[in-house]
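The values are calculated or read from the model by the stated rules, or taken from the named source; none is laboratory data. Keep in mind it's a predicted model, so treat the numbers as computed, not measured. Here the Cβ positions follow ideal geometry from the backbone for every residue, glycine too, while neighbour counts run over all protein chains shown.
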C-alpha cells in the first residue's frame, strides 16, 4: 500500500522508520497512562 498523504514530519524515510519501529516494538509503542503501561510499571 502506498501512502498518498503528506506526513507531519519532514524527514527522509520517516514512513519506513515508523514501520520498522512498529515491527520491533508493537503497534502502540508510545502508549500513555497507567492502564496502558501496567505490565511495564509492575516489572
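Give the number of residues within segment 30-43 that are surrounded by 10 or more Cβ atoms within 10 Å (Cβ to Cβ) and either touching a helix residue (DSSP H, G or I) at 6+ places or on another chain (Cβ under 9 Å) or at pLDDT below 85 (or both).
1
Quick one: how many residues across segment 21-42 are at positive phi and in a helix (DSSP H, G or I)?
Looking only at that region, the number is 0.
Is one or more of the residues making up segment 15-28 surrounded by 10 or more Cβ atoms within 10 Å (Cβ to Cβ), free of Cβ contacts under 8 Å to residues at least 24 places away in the same chain and in contact with a helix residue (DSSP H, G or I) (Cβ under 9 Å, 6 or more places away or on another chain)?
no
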